[in-house]
1. Can you find, within the stretch 1-32, the residue that is nearest to Ile45 (Cα to Cα) among those that are under 10 Å from the mean Cα position of the chain (by Cα) and of a type in the set (Asp, Glu)?
2. Name the pairs: first residue in the stretch 37-48 and farther than 7 Å from Trp6 by Cα, second residue near the ligand (Cβ under 7 Å from one of its atoms), Cβ to Cβ under 6 Å, at least 6 apart or on different chains?
3. Taking the residues in the stretch 29-45 that are touching an Asp or Glu at 6+ places or on another chain (Cβ under 8 Å) and at pLDDT below 95 as candidates, determine which candidate is surrounded by the most Cβ atoms within 10 Å (Cβ to Cβ).
4. Is it the case that some residue within the stretch 18-28 is among the acidic types (Asp, Glu) and modelled with pLDDT of 95 or more?
Amino acid sequence: MEDCEWHIVDDENHYESGCGGEWFFFKGTVKENQMIFCPFCGEPITEHESIV
Ligand SMILES: [Zn+2]
């Protein structure tokens, strides 16, 4: 099993998952929302910070 890598898409609350899903938080990050497992594939989420 591998972690599902989530990347920020166009703002800090909009994510794209490594398995092809998209998720939007009203507020905060993956960690701040205490989301541990990807709702699409069930794997643990690894959050990647956007590189500016
Ligand atoms: Zn996933």
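1. We begin by selecting, within the stretch 1-32, every residue under 10 Å from the mean Cα position of the chain (by Cα); these are 4-9, 13-18, 21-25, 29-31.
Within this subset, residues satisfying the condition of being of a type in the set (Asp, Glu) are 5, 16, 22.
Numbers: Glu5: 6, Glu16: 11, Glu22: 13 Å.
Only one residue fits best here, namely Glu5.
2. Cys38/Cys4; Cys38/Ser17; Phe40/Ser17; Phe40/Cys19; Phe40/Gly21; Cys41/Cys4; Cys41/Cys19; Glu43/Cys4
3. Of all residues in the stretch 29-45, those touching an Asp or Glu at 6+ places or on another chain (Cβ under 8 Å) come to 29-31, 37, 43-45.
Next, from what is left, pick out any that are at pLDDT below 95: 29-31.
Working: Thr29: 15, Val30: 20, Lys31: 10.
Per the stated criteria, the residue is Val30.
4. Of the stretch 18-28, the ones among the acidic types (Asp, Glu) are 22.
Now narrow it down to the ones that are modelled with pLDDT of 95 or more: 22.
The answer is yes, given that some residue of the stretch 18-28 is among the acidic types (Asp, Glu) and modelled with pLDDT of 95 or more.
The values are calculated or read from the model by the stated rules, or taken from the named source; none is laboratory data. Note that this is a predicted model, so its numbers are computed, not measured. Cβ sites come from the backbone with ideal geometry, for glycine too, and all protein chains shown count toward neighbours.
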